[in-house]
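Since the structure comes first, as structure tokens, the remarks are kept for the end.
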Amino acid sequence: MATLTPARLGPADVLRVGGVGLRTRPLRAFLSALGIAIGIAAMVAVVGISSSSRAELDRALDALGTNLLTVEPGSTLFGADAQLPEESIAMIGRIGPVTEVSATGQVADAKVYRSDRIPAAETGGIATRAARLDLLGTVGAEVTTGTWLNEATARYPAVVLGATAAQRLGITRADPRVQVWLGGRPFTVVGTLAAAPLAPELDTSALIGWPAATEYLGFDGHPTTVYTRAQESQVEAVRSVLGATTNPEAPNEVEVSRPSDALAAAEATDDAFTGLLLGLGAVALLVGGVGVANTMVISVLERRAEIGLRRSLGATRGQVRTQFLAESLLLSALGGIGGVVLGILVTSGYALSQHWPTVVPAWAMLGGVGATLVIGGFAGLYPAVRAARLAPTEALAAV
């Protein structure tokens with residue numbers, strides 16, 4: 001007597017039978033896939049937004065350069081505020097690899113108000129700084145309206161406002177008719193600046209000429225921040241000698257920093273926050289996996305008659321198990337692909353709103369789909385085994 005061998009299911013057959021449950025119960029399949037999609041979309045969007053932010057930072061640093069060093073006074077041995085020598089700017093300029101040097105000096109007692117009618121306590125946190133004419137080129141800042149200080153305006157009561165300072169004072173553009181009350185006298189607003197990523201202290205500053213600060217506000221001429229550009233290959237070498245060059249008598253009273261390092265540190269903080277969000281996305285993904293498992297268990301209970309009929313017609317336990325496992329994988333794959341697409345759309349929308357380049361790493365997209373397949377496999381394994389164990393008579397008896 002010949003032994004009957006069950007037919008083998010090809011890949012196309014597995015996909016066809018695996019999609020039966022999805023086609024017959026579309027709403028349930030959609031809701032289950034949605035749970036997976038939300039988790040994947042959250043993870044892809046978090047990675048994409050973080051990568052887009054990093055790409056914007058890299059682009060900004062490429063434009064601004066990473067060779068800017070700043071020199072500021074520290075503290076004396078007795079804890080008092082130190083002071084940079086007046087000749088420190090010229091001394092730094094004599095360092096061979098230094099290509100540009102400029103400075104600002106804070107005028108401590110000169111408060112800034114929109115008019116002389118503003119209460120004295122409402123300063124708006126705006127600092128008055130004397131600025132050298134070559135400041136903008138050195139720090140990479142740009143004028144948005146009006147002009148920068150020149151040899152003429154630097155000697156008269158003229159002021160250029162940083163981006164935040166102009167916003168706090170309610171000034172949208174420079175105009176010869178617009179004045180602010182600075183140090184007890186009116187100053188004409190000749191320009192406003194864009195945000196300066198490498199010199200954020202300028203954003204909240206009112207910048208006036210060095211001679212005007214000395215004549216009208218009693219500025220002592222000591223710089224409080226010296227900005228130095230060096231050759232890219234010599235930045236660390238210049239950094240090591242800046243303290244001693246700035247103040248040879250007390251180099252320990254000088255603080256040297258690199259603004260681009262501060263931006264990188266801020267990016268590292270963002271990475272930690274990104275890790276937290278990824279964890280939340282993983283939790284959402286696991287919740288979606290539980291939803292898939294629940295859907296598949298209910299599907300097995302509801303389709304006992306179908307399972308019994310297939311077993312009566314010669315389907316093996318392995319084929320039934322393959323059918324339900326394939327259905328679980330298809331359900332998870334749909335959720336994963338949908339989540340990746342949704343995550344890309346969220347990333348693109350946010351990046352465009354911030355004027356960032358849109359960057360979604362390939363590993364995030366492939367990893368998202370791969371994670372859903374793994375979770376879908378585990379979620380569908382128990383229901384598939386349970387379906388395969390049903391005896392044909394037992395399944396048909398429940399009809």
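The values are calculated or read from the model by the stated rules, or taken from the named source; none is laboratory data. Since the model is a prediction, treat every value here as computed from it, not as a measurement. We place every Cβ from the backbone using ideal geometry, glycine too, and count neighbours over all the protein chains shown.
With in a helix (DSSP H, G or I) and in the same structural domain as GLY105 (by TED's automatic domain parsing) as the only criterion, which of GLU151, GLU201 stands out? Write out each step before concluding.
Numbers: GLU151 fails: in a helix (DSSP H, G or I).
That would be GLU201, the only listed residue that is in a helix (DSSP H, G or I) and in the same structural domain as GLY105 (by TED's automatic domain parsing).
For region 197-234, which positions are more than 26 Å from PRO85 (Cα to Cα) and not polar (S, T, N, Q)? Even if it seems obvious, please write down each step before you answer.
Within region 197-234, the subset more than 26 Å from PRO85 (Cα to Cα) is 197, 232-233.
Of everything in region 197-234, those that are more than 26 Å from PRO85 (Cα to Cα) and not polar (S, T, N, Q) turn out to be PRO197, GLU232.
When region 154-169 is filtered for residues that are assigned to a loop (DSSP other than H, G, I, E, B) and either touching a Pro at 6+ places or on another chain (Cβ under 6 Å) or crowded, with 21+ Cβ neighbours inside 10 Å (or both), only GLY162 remains.
Okay, residues lined up against (1) surrounded by 19 or more Cβ atoms within 10 Å (Cβ to Cβ); (2) at pLDDT 80 or above:
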{"residue": "GLY308", "(1), (2)": "yes, no"}
{"residue": "ARG311", "(1), (2)": "yes, no"}
{"residue": "ALA315", "(1), (2)": "yes, no"}
{"residue": "GLY335", "(1), (2)": "yes, yes"}
{"residue": "GLY338", "(1), (2)": "yes, yes"}
{"residue": "LEU345", "(1), (2)": "no, yes"}
{"residue": "PHE378", "(1), (2)": "no, no"}
{"residue": "ALA384", "(1), (2)": "yes, no"}
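Consider only pairs whose beta carbons are under 7 Å apart and that are at least six residues apart or on different chains; among these, list those whose first residue lies in region 32-51 and is under 13 Å from ALA351 (Cβ atoms) and whose second residue is of a type in the set (Phe, Trp, Tyr) and in a helix (DSSP H, G or I). Once the first residue is under 13 Å from ALA351 (Cβ atoms) and sits in region 32-51, its partners that are of a type in the set (Phe, Trp, Tyr) and in a helix (DSSP H, G or I) give ILE49/TYR350. Among the residues making up region 62-96, a single one is within 23 Å of the chain's Cα centre (by Cα), surrounded by 18 or more Cβ atoms within 10 Å (Cβ to Cβ) and assigned to a helix (DSSP H, G or I): LEU64.
Checked against the criterion of being outside any loop (DSSP other than H, G, I, E, B), within 17 Å of VAL112 (Cβ to Cβ) and not hydrophobic (A, V, I, L, M, F, W, C), the candidates TYR227, TYR216 yield just one match: TYR216.
Could you please let me know if THR172 is in the same structural domain as ALA121 (by TED's automatic domain parsing), surrounded by fewer than 21 Cβ atoms within 10 Å (Cβ to Cβ) and part of a loop (DSSP other than H, G, I, E, B)? Step through it out loud before you land on a result.
On the way: in the same structural domain as ALA121 (by TED's automatic domain parsing): yes; surrounded by fewer than 21 Cβ atoms within 10 Å (Cβ to Cβ): yes; part of a loop (DSSP other than H, G, I, E, B): yes.
When the stated conditions are applied, THR172 passes them.
Within region 107-133, the set of residues being part of a strand (DSSP E or B) and over 18 Å from GLY218 (Cα atoms) comprises just one member, TYR113. Is one or more of the residues making up region 107-123 touching a residue at least 24 places away in the same chain (Cβ under 8 Å) and touching a His at 6+ places or on another chain (Cβ under 8 Å)? Taking every residue of region 107-123 in turn, none turns out to be touching a residue at least 24 places away in the same chain (Cβ under 8 Å) and touching a His at 6+ places or on another chain (Cβ under 8 Å).
Among the listed residues VAL101, VAL107, which satisfies the condition of being over 26 Å from GLN231 (Cβ atoms) and either touching a Gly at 6+ places or on another chain (Cβ under 8 Å) or assigned by TED's automatic domain parsing to the domain that holds ILE171 (or both)? Spell out the reasoning first.
On the way: VAL101 fails: over 26 Å from GLN231 (Cβ atoms).
The match here is VAL107.
Within region 201-213, residues that are small (Gly, Ala, Ser) reach partners that are part of a helix (DSSP H, G or I) with beta carbons closer than 7 Å, at six or more positions or on different chains, in the pairs SER205/ALA165; ALA206/ALA165; GLY209/THR153; GLY209/ALA154; GLY209/ARG155; ALA212/ALA154; ALA212/ARG155.
Take VAL369 and tell me if it is within 17 Å of ALA33 (Cβ to Cβ) and surrounded by fewer than 16 Cβ atoms within 10 Å (Cβ to Cβ). Answer is no for this residue. Against the test of being part of a helix (DSSP H, G or I) and either more than 30 Å from ILE298 (Cβ to Cβ) or aromatic (Phe, Trp, Tyr) (or both), the options ALA351, ALA379 yield a single qualifying residue, ALA351.
Quick check, is THR228 in contact with a Pro (Cβ under 8 Å, 6 or more places away or on another chain), surrounded by 17 or more Cβ atoms within 10 Å (Cβ to Cβ) and not charged (D, E, K, R)? Quick ask: steps written out before the conclusion?
Numbers: in contact with a Pro (Cβ under 8 Å, 6 or more places away or on another chain): no; surrounded by 17 or more Cβ atoms within 10 Å (Cβ to Cβ): yes; not charged (D, E, K, R): yes.
No.
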